[in-house]
Every structure is written in structure tokens, then in C-alpha cells.
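The values are calculated or read from the model by the stated rules, or taken from the named source; none is laboratory data. Everything numeric here is computed off the predicted structure, so don't read it as measured data. Note: ideal-geometry Cβ built from the backbone for every residue, glycine included; neighbour counts use all protein chains shown. When the accessible area is computed, the model is the full protein with side chains, heavy atoms only, and any ligands, DNA or RNA have been set aside. Shrake-Rupley method; radii C 1.70, N 1.55, O 1.52, S 1.80 Å.
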Amino acid sequence: MIRCVSCGAEYDDDEVIYTCEKCGSVLELVSDIDVSKDIFDGRRDNLWKFKECIPVDETKIVSLNEGGTPFCKCDKLGDELGVNLYVKVEGSNPTGSFKDRGMTVGMTKAMELGVSTVGCASTGNTSASLAAYAARAGLRCIVFLPSGKVALGKLAQAMFHGAEVMSINGNFDEALEAMTSLALEKYLYLLNSINPYRLEGQKTIGYEILRDLDWQSPDRIILPVGNAGNISAIWKGVSEFYNAGFVKDLPMMTGIQAEGACPVTNAFKKGDKRVVPVENPETVATAIRIGAPVSDIKALNAIYDSNGYSETVSDEEILDAQKLLARTEGIGVEPASAASIAGLKKLVDQGVIDKGETITCVVTGHLLKDPNTAIDACTKPIEVDADIDTLRKLLMN
Ligand code: F0G
């Protein structure tokens, strides 16, 4: 069953619907978990090991073996900050971001519904993922990208997997509004995170974190927030396993935004339940360059209900954290993902996070998604002939 998060109106699972017809709010799937956690043992470690908890037809699954991503204990960085730190590396998914979790479920639903065309607006990763899964499913794929603001790796993926890519003269929020109108006119099936099936896939990040910690909850899960789907999805996941009795505690959901694109943090700091859109969002972390997040209600509920927090970080803090994670722990992430590490550092400094807390930072996309930003942050390689004497001298410096 699909249910409105605001007025509780209920809809059938097979209705193609993105927002509540009664009040216009966002929707979610209602799923009861009536299995024992032991059934997940011994299964291949991907998202579909949790198939009983994902409300789609398992005979229609479109998968690239997503999920089951690395859960790295990061003692060097953790010790430096005085916390017990784990990093969930979502860049290890098939197309290099957590979006694949949402897309395998969303595309499976698309097959169930028998649609022929899928579409999304995207800051890059959603389009890369959608293009790959649409190719696998054999469906036509249309993506709208904000012109000039999509990192190179993501653009290459969307184009290479055969999506019809439109570069929109406008920002992500405008591109999404246009894409949503076309979906409502039934030109295509919308696979942005306003589609509640997307979040059914992404909630498995929450499942896996609890499983990875041997069925315990971290004190806190920290992640970057853009369109605000992922924080909502992870909260749904951990809440479902908590309600099923698989864990005794819940994590404080902690959403980090870039200073130039921070409607959710602004709302949190005022205690509001809805955001006031940011008109011209701007940040080096183009993945989260979003001013009007569609899942704001769900995200703010997640933060308030979990006794969580939201904070902003500057572009400089993001780039510093990106380098710090890469050079102290060997984990290469794109700028948006590094917002979680930058946020952790800031909240420890502010005393919001206590020393000794067990923290999971979700890093959402791979370093290679945005090669230009990575290269700009480094000194150029030294050009030199393959002459041993010269090379020896250089190494001795
Ligand atoms: N991190 C990365 C790498 C992302 O690509 C995104 C969103 C987020 C974090 C934020 O997640 O929107 O669920 O709050 N990227 C979308 C896209 C908007 O189009 O690829 P969110």
C-alpha cells in the first residue's frame, strides 16, 4: 500500500502516482516486516538479500548486483576526531553511487507496470544510474540535466549508456519541475526520488548499517542532503528493522548541506516542518546543488523523530574533508559525499557530537564521478624523462 505521509490517504501499490491527490504531499510505501533476520544469513551480499522487505514482484527484478557495499572502520580519522568511525562506501555500487539501490527497485516497478519510457531530472548521479538500468531493462530513457553543472563522469555515464540527454538552461529544481510535469502528462515514468519505490531501495543502506554493526545501531548516521530522499529512506530502513525487533536502538539522523544550498538546515534551525526554497543554490558539490528538496517533509521528520541534527559546511570544508578521507583512509569520494565527513568534523568541534560516539558516515558517490574537481585540488605531476639518474635524484629530494 502507498500512503501519504501528511494526510494518511491510501493508494494501491500499482497506481502510478507521485504525490497525494488529496493534499499534494509526498508518499511512502507501507511495508510490514514479518520475517526473522536469520533468513538474510548466507545469501549473496547484495540489496536483494532483503527481498522480503521490498514490495515489488521478484520475478521482474532488474539488477546489476547493487548493495552490499564496503563498511570501513576508519580508526585513523576516528581517533583524530575522538569518535568510533565507520564509513559506508556507496561509491562501490555498479554505477558509482547509492542511486543504484533506488534504481534497481524503481526499474523493477517500471517493468511490473509495463511502462516503455523512464525519465528523471538529475544533478548527475541519478541520470547515470537510470541510464544504466534502463539499458539493462531495454527501456527508453530521458534525462534532464542542469546545463554546465554536472560533473564529467556522470555526464559520460548518462550519455554512454544511451539515455536521451537534454541539457536544461536552468538549475536542478527547474529541470525537475519540467520533468515532473511531463510525467504527470504520462509521457514517461518518473524515477526521481519523489517516486516512493526509489526510497524502498535506498532504505537498504539503513538495513546494511545495522547488519554491518552486528545488529546494533550506531549512535548517529551522518550523510549529505540534497533532494532529501536518501536521509528519509535510511530513516525508514532503520525504523523498519527497529520495529521488527532486530535492533534495540535507533540512530540520530544527521543531515549535512552545503552553505550555498541549505534549505533543510535552515528549516531545522528554525524548528520548521517545511523548507523555504533557496532561490539560486550554489556549491562545488554539484550533486547537492538543490534549493527546493522534494522530500523536505520526510527528511525533517526523520531528523526530529530521531533527535538528530542538521548543519552546513562550506565548500572549502568539503574539499578539505574530501582530501582528508582520501589521504588518511584511502577512500575516494566525490565532493558531495565528503560533506558527511566535513559535517562530522564540524559537529565534533561544536560539541554537538560527543567524544566516543559510534558514527557511520555515508559517502554517497565515487571520486571518479568528478575528476575535474579532483585534479584541480592536486599539484600537477612532474614531467620527466625515463632517465634513472634524474629519477633517483628526484626521489631523494
Ligand atoms: N550525494 C550524492 C553523490 C548525490 O548524487 C546526491 C543526490 C546526494 C548525495 C543527495 O541525496 O538527494 O537523496 O538528498 N543526487 C541527485 C541526483 C539529486 O540527481 O543525482 P538526496
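For this structure, a couple of remarks:
- Hits in region 129-143 (condition: free of Cβ contacts under 8 Å to residues at least 40 places away in the same chain and surrounded by 24 or more Cβ atoms within 10 Å (Cβ to Cβ)): SER129, ALA131, ALA134, CYS141, VAL143
Residue-by-condition table, conditions (1) among the charged types (D, E, K, R); (2) open to solvent by less than 20 Å² (accessible area, probe 1.4 Å); (3) assigned to a loop (DSSP other than H, G, I, E, B):
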| site | (1), (2), (3) |
| --- | --- |
| ILE290 | no, yes, yes |
| ASN307 | no, no, yes |
| GLN322 | no, yes, no |
| SER337 | no, yes, no |
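Per-residue answers, yes or no, for (1) within 17 Å of ARG101 (Cα to Cα); (2) of a type in the set (D, E, K, R); (3) at pLDDT 95 or above:
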| position | (1), (2), (3) |
| --- | --- |
| ASP14 | no, yes, no |
| CYS23 | no, no, yes |
| LEU27 | no, no, yes |
| ILE33 | no, no, no |
| ASP38 | no, yes, yes |
| TRP48 | yes, no, yes |
| CYS53 | yes, no, yes |
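- Taking the numbered list (1) assigned to a helix (DSSP H, G or I); (2) within 11 Å of the ligand (Cβ to nearest atom); (3) more than 25 Å from GLY24 (Cβ to Cβ) in turn, LEU176 passes all entries but (3).
- Residue check for LEU210: modelled with pLDDT of 95 or more and open to solvent by less than 10 Å² (accessible area, probe 1.4 Å): yes
- Flag for ALA326 being touching a residue at least 24 places away in the same chain (Cβ under 8 Å), under 27 Å from LEU81 (Cα atoms), surrounded by fewer than 20 Cβ atoms within 10 Å (Cβ to Cβ) and touching a strand residue (DSSP E or B) at 6+ places or on another chain (Cβ under 8 Å): yes
- Filtered by the rule that a residue be assigned by TED's automatic domain parsing to the domain that holds ASP214 and surrounded by fewer than 17 Cβ atoms within 10 Å (Cβ to Cβ), region 74-116 gives ASP75, LYS76, ASP79, GLU80, GLY82.
- Positions within region 225-246 being more than 12 Å from the ligand (Cβ to nearest atom) and open to solvent by 10 Å² or more (accessible area, probe 1.4 Å), in sequence order: LYS236, SER239, GLU240, TYR242, ASN243, ALA244, GLY245, PHE246
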